[in-house]
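Down below is the structure, laid out as structure tokens.
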Amino acid sequence: MTNDIAAAIETALQRVSDAASLDEIDAVSGETLGKKGVLGGLKASLAKIADIEERKAVGRSLNEAFASVSAAIDERRQELIAIERAAQVAGERLDLTEAMDAASRGHLHLVTQAWQELEDVFVGLGFTVAEGPEVETDWHNFEALNMSEGHPARGEFDTLFIGHDEHEDAGDSGLLLRTHTSPVQIRTMLASEPPIYIVAPGRVFRRDTPDATHMPVFHQIEGLVVDRDISMADLAGTIEAFTQAFFGKGFTSRLRPSYFPFTEPSAEFDIRRPDGSWLELGGCGMVHPEVLRAGGVDPEEWSGFAFGFGIDRMAVMRHGITDIRDMYVNDIRFIEQF
Amino acid sequence: MKVLLSWLNEFGPFADPTDHEAVEAVAADLTSLGLAVEETIAIGSPVEGVISARVLRVEQHPDAAKVRRVWVDAGDGDERHVWCGASNMSAGDVVPLATLGTTMPNGMTIERRGILGIDSEGMLCSAVELGVGEDHSGILLLDGDAELGLSYAQVLGIEPDVVFDLDLTRNRPDCWSIEGVARDLSAWRSQPLAEVGEGSAVSGEARTVPVSIADPACGRFTATVVSGIRVGASPEWMVRRLEALGMRAINNVVDVSNYVMLELGQPNHAYDLSTIGGGFSVRMARDGETLTTLDDVERSCTVDDLLICDGNDVPVGLGGVMGGADSEISDSTTEVVLEIAWFAPLGIMKTATRHGLRSEASARYERGVDPALADRAAQRFAALLSLTCPDLVVHAGGADERSSGMPELIRSVDVRISEVNRSLGTDLAASDLPGLLNPIGFTVSANGDDVTVALPSWRPDSTSEIDVIEEIARHHGYGRLGRSVPKPTGHGHLTQAQIRRRLLRDVLVGLGISEAMPNPIVAPDTMARAGIEGETLRILNPLVADESALRLSLRPGLLTSLAHNEHHRRAGVSLFEIGKVYPPSGEGLPDEHEVLCVVLAGQDAYAAVLVWRQISQALGVGAMIDQSTVPGGMHGTRSGVLRAGRDIIGAIGEIAPEVLESFEVTERVAVIEARIDGMLTGKGGSRVYRPISRMPSSDLDLAFVLSDDVPADRLERALRQGASSLLVDLKLFDTYRGPGVLEGHRSLAWRLRLQANDRNLTDADIAEVKSACESAAKKLGAELRS
């Protein structure tokens, strides 16, 4: 019997090491360790051994045989699993650089990108974002902004006038395409009570021949603050805070006297780049008392400042665009660059 | 507006034109004052190496017809030979010689160069080549007595100078003069403004030219008779100053007139006394009345043009814009009458615009000339003219007519120091104001904390307290204002609609669709070409006819963009735009609203539906596709309207083939166009959590045969209702038309995923759902396919 066990172990171990697949190892397992397997059969014949001591001894060696064969089977099984995985992985090889599809994410328009970034900066400074119509009344666009009929500054805006019929005379309908975002100042003041802290980005229109630096349709962002005791120092400080937030550290700003009918005192604001050069950015000033009045705000109780500048120019400067018209051709080869 | 530094210096001095740093400081100061310096131009710097030389003899070389041989003496005793292409010089003349090594203003360097083997030792120069004049017909002939070997500039008396080109704002008419700029600059620098040109003209017997003003557009008209005129050339220095500021020298009378205008800002006009019929009348023109102006153009006037007429009511000048040709100063003029007037700005601006004639005079009048300046200007005119007319006599009895249009000369405004400090954030005292304001002619009378400020006649723009505060701010210095950041009481944020608009953009970009921005202004026929009906608003003064209508739809702009891309071999482009459309709404503002349009080139209507589903899901909006209505310009069997409740909010599907052809797009184009104002402002807020069931789910596949006349989404809605609360997902996974399915029908296969929140499903549950779906479908005429 002991000899039978030894032979069975030898045969089983040989079969285990010969097994070349998981199926074969399963077969070996069944035929060796199963009830009808070789060692299983020997176990069944244990009962025939009469001598207790002998039966115990043979039983022990049978158990040992079970354990060693079973361990060998497990070990071989793990080996075979690893081999099969390796074969699967080897067979699934991909050259990732063969990938054929090009990137196809969409791109926001450069003006939108600059627009959103500006909104975010001003929201961070405590402003909300106001909007207004692009077709405006003469009153909102000019009259309420201290440019009554015949004001010479009106001539500088190159206004596009709107009518219901091409034979109307310009100005008859009192409608026009807004020449700046400033009418939103008036609409905001009329619709809400101070304190007011808004920016108003939007599309504006001028009767202007397109060239490398001008478009007849472009975008501005306007700021308006109306609160108690707002001073020109608050304007200068806000412009400076914006400059550092939007352009970054190392950029500073200055105000220098200028003229706009809707602000007084008025200023241009320039940005000083880290290399010391200056960039004219936009106009600003203290809201003119007449404009506050037009907005239903008492200038003795409240004061305010306003500022405005071009959004398109921000995009043009940031990306080194040499011809602003390229932003509006909607050529996918341009759009995909940003 | 250009100003000349040497001229400013007469009121200063401010800077030596050769001292670069001092010149830059002046430019910086001007900019700080709001007189922005656009450009600083150094002029009169001589070309080094060009010296005076006398022509010794001139010879024609037999083999060179077009050039001459010239021998010159540059004062060093050497005889130099040069070739020369001009022939206006002869022996004895003094000419500018560019010596070897000289670099000319055009960049050319003078080298020893030979013709026919004979070297040239320099070059003789024309006025143009040296940048001292416009004459290029010959060599510049210098004063015959000039010392030889001197710089030509020294011989000509040219000195280095600087022109500042100022970008003046509309509120500074006073700075359309040298004196006005100098006044601001000296106040800024706390130095006195020097007086110039105290007159020394002889005054004579009274001679009055009668003047009548018939319209308040002319507020003041003075006419002074000046005799003893000898018309001739102006002094060189005057010519140089006029030319440096872009004016041509004509003769001493006209030049002095222009000089006074540039210096003091007072336009004026000298008429030959013998041509004006003994008097002036100022009146509005009669419609169609003509006048030939000094530029020899016949002007046809309207009743809005102001005319200066002579004693016989014949027009002699377009008031405030340009004089007439017939009363022009001639060589034989001996007596002139000097007109100095004040005109209302707006009328001048309109006349100048109408006639397309912007003169130096109109530029000043339309901004506002000092109404008190006439007497000083007349004195300055006479004093300057007497330099070239020693016998000049200014006659007493000059007319000074004024109308109701004449501005008030004495004006004042009260200024509260509290208002100054509130507006500027400063801490100024009333006693600080005289030092800031008096030097610029705003005269302060103290009155405790509130002051009264007399406004100068040359600042018509200044009328109110805030105007004076601006002057205080300017002369205090914008750079010295403090910097504080106001604290908003609320927090900064985007509105719900603005946040949702950004979400919409993000969804589209994530789907690979890029944002375009076509022009919202289109040609009058563009909407019709795109099959979109409706009247458009029109631009009444378009720059080009092709851009004169306001769009009703974003489709045409995007189709044009697709065509452009196709044309550049980029097919299959996907674009979107979020922008306004402007349909008219009777009177007043149009029904302007925001619209989204998506175009997918090379894709079919299903692609548009898929994008719409993504948008609907992201924004939580539902709109049904209704193919029973085909929107204009859309494909007849592949399009429908988007219906939200009763409202049609847009169109979806494909562009009609004829529209594609019209826009020269060859690909199929899937499209969505929808108004988004409702979608953005619609129900926002947070979505409420629905617990995910932990119970197992079961799938049930059901295929129905349905008539092609019934949209699949109707069946979908029926199944949703039928399947009740156990349905967690419903998907159409197959459609089939063909053998086995009735003609005009299709089979639609749906997979229903069923799940309960609290229990395992039983076969009975599933059977119940199946039968409920079957009967719901039956109401649409759909049969369960076995």
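The numbers here are math on the coordinates, done by the rules we state, and not lab data. This structure is a prediction, so every number in the text was calculated from the model and none was measured. Every residue, glycine among them, receives a Cβ derived from its backbone with ideal geometry; neighbour counts consider all protein chains shown.
Using 12 Å as the cut-off for backbone N distance, which residues of the stretch B:118-142 belong to the label zone defined by a point 7 Å from the Cα of B:Asp78 along Cα→Cβ? The answer is B:121-122. Ranked by how many other Cβ atoms sit within 10 Å of their own Cβ, fewest first, the residues B:Arg569, B:Arg54, B:Arg172 fall in the order B:Arg569, B:Arg54, B:Arg172. Placing unit charges on each Cβ (+1 for Lys and Arg, -1 for Asp and Glu) gives the stretch B:272-406 a dipole about its Cα centre, and among B:Ser332, B:Ser281, B:Trp342 the Cα reaching farthest toward its positive end belongs to B:Trp342. Backbone amide hydrogens, once placed in the peptide plane, bring B:Leu124 within less than 5 Å of B:Ala98, excluding anything fewer than 5 places away on its chain.
Pairs of alpha-carbon atoms within less than 8 angstrom and 6+ residues apart define the contacts here; what relative contact order does chain A have, in percent?
Values: 510 pairs, mean separation 49.7, N = 338.
Normalised by residue count, the contact order of chain A is 15 percent.
In plain terms, the residue of A:Arg256, B:Arg737 with the fewest other Cβ atoms within 10 Å comes first and the most crowded comes last, giving B:Arg737, A:Arg256.
Applying 1/(1 + (r/R0)^6) with R0 = 45 Å to the Cβ-Cβ distance of B:His568 and B:Gln617 gives a FRET efficiency near 0.85.
Charge dipole (Cα centre; +1 on Lys/Arg Cβ, -1 on Asp/Glu Cβ; no other charges) of the protein assembly as shown amounts to roughly 5140 debye.
When +1 charges are put on Lys and Arg Cβ atoms and -1 charges on Asp and Glu Cβ atoms, the dipole computed for the stretch A:2-98 relative to its Cα centre reaches about 600 debye. The 3J(HN,Hα) values that the Karplus relation (6.51, -1.76, 1.60; θ = phi - 60°) gives for the stretch B:752-758 are, in residue order, 9, 9, 10, 6, 9, 7, 10 Hz. Gly and Pro appear as x. Between A:Thr252 and A:Arg272, the built amide H atoms are under 5 Å apart, and every one of these is 5 or more places off in sequence or on another chain.
Distance between the pseudo-spin-label points of B:Arg230 and B:Ile499 (7 Å out from Cα toward the beta carbon): 8.8 nm.
Coupling constants for the stretch A:300-317 follow from the phi torsions by the Karplus curve (6.51 cos²θ - 1.76 cosθ + 1.60, θ = phi - 60°), and in residue order they are 6, 8, 10, 9, x, 10, 9, 8, x, 7, x, 7, 4, 4, 4, 5, 4, 5 Hz; glycine and proline get x. Taking amide H positions as modeled 1.01 Å from N, with prolines and chain starts lacking one, the residues under 5 Å from B:Val162 and 5 or more places away or on another chain are B:Leu5, B:Ser6, B:Ile43.
Relative contact order of the stretch B:569-684: what whole-number percent is it, with Cα pairs under 8 angstrom and at least 6 residues apart? Don't skip to the end; give the middle numbers.
Numbers: 224 pairs, mean separation 32.1, N = 116.
Relative contact order here is 28 percent.
Please report the antiparallel percentage of DSSP beta bridges with both residues in the protein assembly as shown, rounded to the nearest 5. Mind dumping the intermediate values first?
Numbers: 175 of 187 bridges.
Of all bridge pairs located within the protein assembly as shown, approximately 95 percent are antiparallel.
Would any residue of the stretch A:261-303 have its amide N under 15 Å from a label point 7 Å out along Cα→Cβ of A:Met317? List them or say none. Answer for the stretch A:261-303: A:268-284. The calculated 222 nm mean residue ellipticity attributable to helices in chain B amounts to -7500 deg cm²/dmol, summing -39500 (n - 2.57) over DSSP H runs of n ≥ 4 and dividing by all residues. Residues of the stretch B:683-719 with backbone nitrogen within less than 11 Å of a virtual label 7 Å along the Cα-to-Cβ line of B:Ile766, please, listed as ranges. Label zone hits: B:697-701. About its Cα centre, the dipole of the stretch A:99-155 is roughly 180 debye, where the only charges are +1 on Lys and Arg Cβ and -1 on Asp and Glu Cβ. Helix A:52-91 axis versus longest C-alpha principal axis of chain A: approximately 40°, rounded to the nearest ten.
Can you sort B:Met349, B:Met247, A:Met100 by how many other beta carbons sit within 10 Å, fewest first?
Numbers: B:Met349 21, B:Met247 18, A:Met100 4.
The most exposed by this proxy come first: A:Met100, B:Met247, B:Met349.
Relative contact order, whole percent, for the stretch B:202-402 stands at 37, derived from Cα pairs under 8 Å and 6 or more residues apart.
Straightening the chain between B:Asp296 and B:Asp647 buys 119.7 nm, computed as 0.36 nm per residue apart minus the Cα-Cα spacing.
Relative to the dominant Cα principal axis of chain A, helix A:22-33 is inclined by about 40°. Here the simple spin-label model places points 7 Å from the Cα toward Cβ, and for B:Arg717 and B:Ser697 these points are separated by 2.4 nm.
Distance from the Cα centroid of the stretch B:466-533 to that of the stretch B:440-457 is 41 Å (rounded to whole angstrom). The alpha-carbon of A:Lys56 sits under 24 angstrom from the alpha-carbons of these lysines, leaving out residues fewer than 8 places away in its chain: A:Lys35, A:Lys36, A:Lys43, A:Lys48.
Put +1 on the Cβ of each Lys and Arg and -1 on the Cβ of each Asp and Glu in the protein assembly as shown; which of B:Ala764, A:Pro195, B:Ile692 then has its Cα farthest toward the positive end of the dipole? So the residue we want is B:Ala764. Karplus-based coupling profile of the stretch B:397-406, in residue order and whole Hz: x, x, 6, 9, 8, 10, 10, 5, x, 5, with θ = phi - 60° in 6.51 cos²θ - 1.76 cosθ + 1.60 and x standing for Gly or Pro.
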